[in-house]
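Structure first, then comments.
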Amino acid sequence: WSYMYDYPGKTGLWAISGTGAARFGYNYAIGTWYGYDSFGAAWQTLSNGGRSSNFVGGGTLTDIGGGWSFLYDYTNATGLWAISGSGAARFGYNYGSGKWSEYDPYFSTWQTLSNAGRSSRFVGNGALNDLGNGWSYRFIYSGDFGYWARSGSGAIRFGYNYGSGRWSEYDPYLSIWQTLSNAGRSSKFVGNGALNDLGNGWSFVYNYTGDTGVWAKNGSVTSRFEYNYSNGQWRNQGDFGGWALLGSIQVSSAFIGNGAWHDIKNGWAYQYASANDNGWWRNDVSGVTEYNYQYTVGQWWQYIGAWNPYGPPNSSAQFPG
């Protein structure tokens, strides 16, 4: 390290020896640490006021106030933030690449959070921070919960509880969080465009361009359900015939394959039975379950006093009612 003292500002400045890259500053008058943001070309507040002048880049975990502790890894030019008290690692920032990471508490590894070239402004500061990859991120300290919103529109899509390891998705029509995964899942971003195992018998993939989420039953040859977060439209498909509309638009994003009855706002309610891979349609007026679809064989059934085949097998999931 190299050091320079700014007398008028009562501030000490630390830079990497050789490169001269500024890293940390300490204001002796107010006891506040700063980190230099080489991508934003500005100093970012690193600690609360009234903190010790013991060098924050010394390689040991230092309490910086505000519920956070900080450790600087000189070899990898990376700052690490952990929850004070528990010491649970949460965020990392590489000052060389400008890339943020988040620590995966269930896979015990670092997961990429942002694109490179991002500001060192602390991503866990409680504000919505643009990650440079089409997403913005906000961390809520009191709930140990991070959520992702689409950059530009600010539409909230996914949330992760670092304590329980559970993913949620934000319901755009009921304005509440809906459970997406079982507990104990990786913090690897569920909206990353890859197929992610939710630990509940389903896997999920999010398509950013279409703003749609697709659920595939683990072990099935085809995906079963798709939800469009922009217009609230569910679709379903069997092993034959491709995607078909499932109800009207502006329906809740509560997972339609969770085994409960769902109002699909077209005069019908829908229930999915995972055990036998069947869907059931109940008439809102009569309260009678009138249609059944077997997804794996593409067979519709209709109830008129008794269940009878409705059409041939290998039919699509397009609702005949």
Index of the failed condition, Gly146 passing every other in (1) buried (at least 20 other Cβ atoms within 10 Å of the Cβ); (2) in a loop (DSSP other than H, G, I, E, B); (3) within 14 Å of the chain's Cα centre (by Cα); (4) small (Gly, Ala, Ser): (2)
Subset of the range 235-255 [surrounded by fewer than 18 Cβ atoms within 10 Å (Cβ to Cβ) and among the β-branched types (Val, Ile, Thr)]: Ile249
Residues located in the range 263-301, provided they are in contact with a Phe, Trp or Tyr (Cβ under 8 Å, 6 or more places away or on another chain), within 27 Å of Gln250 (Cα to Cα) and polar (S, T, N, Q): Gln271, Asn278, Asn283, Thr289, Asn292, Gln294
Which numbered condition Asn314 misses (of (1) surrounded by 13 or more Cβ atoms within 10 Å (Cβ to Cβ); (2) touching a residue at least 40 places away in the same chain (Cβ under 8 Å)): (1)
Search result, residues across the range 123-143 that are in contact (Cβ under 8 Å) with a residue 60 or more places away in the chain and open to solvent by 30 Å² or more (accessible area, probe 1.4 Å): Tyr141
Given (1) within 30 Å of Ser164 (Cα to Cα); (2) of a type in the set (Phe, Trp, Tyr); (3) within 26 Å of the chain's Cα centre (by Cα), index of the condition Phe39 fails: (1)
Qualifying residue in the range 111-125 (condition: of a type in the set (A, V, I, L, M), more than 15 Å from the chain's Cα centre (by Cα) and closer than 26 Å to Gly199 by Cα): no
Scan of the range 223-242 for residues that are under 28 Å from Pro313 (Cα atoms) and either in contact (Cβ under 8 Å) with a residue 60 or more places away in the chain or touching a Leu at 6+ places or on another chain (Cβ under 9 Å) (or both), ordered by number: Arg224, Phe225, Glu226, Gln233, Trp234, Arg235, Asn236, Gln237, Gly238, Phe240, Gly241, Gly242
Any hit, the range 32-53, residues being of a type in the set (Lys, Arg) and in contact with an Asp or Glu (Cβ under 7 Å, 6 or more places away or on another chain): no
Check on Asp6, closer than 15 Å to Ser120 by Cβ and out of contact with any His (no Cβ under 6 Å at 6 or more places or on another chain): no
Residues of the range 164-182 satisfying the condition of being touching a residue at least 40 places away in the same chain (Cβ under 8 Å) and either assigned to a loop (DSSP other than H, G, I, E, B) or over 9 Å from the mean Cα position of the chain (by Cα) (or both): Gly165, Tyr170, Asp171, Pro172, Tyr173, Leu174, Gln178, Thr179, Leu180
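Name the single residue that is nearest to Arg224 (Cα to Cα) among those in the range 256-289 being among the aliphatic types (A, V, I, L, M) and loosely packed, with under 15 Cβ neighbours inside 10 Å.
Looking only at the range 256-289, we keep the residues that are among the aliphatic types (A, V, I, L, M), and these are 256, 260, 264, 269, 273, 275, 285, 288.
Restricting the remaining residues to those that are loosely packed, with under 15 Cβ neighbours inside 10 Å gives 260, 273, 275, 285, 288.
Values: Ala260: 16, Ala273: 12, Ala275: 14, Val285: 27, Val288: 24 Å.
By that ranking, first place goes to Ala273.
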Where Gly257 falls short, out of the listed (1) in a loop (DSSP other than H, G, I, E, B); (2) closer than 19 Å to Asn308 by Cβ; (3) of a type outside the set (Asp, Glu): (2)
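The values are calculated or read from the model by the stated rules, or taken from the named source; none is laboratory data. Every value quoted in this text rests on a predicted model; they were computed, and no experiment measured them. Quick reminder, even Gly has a Cβ in these numbers, built from the backbone with ideal geometry, and neighbours come from all protein chains shown. Just so you know, the surface numbers come from the protein's heavy atoms only, side chains and all, with ligands and any DNA or RNA stripped out. Shrake-Rupley method; radii C 1.70, N 1.55, O 1.52, S 1.80 Å.
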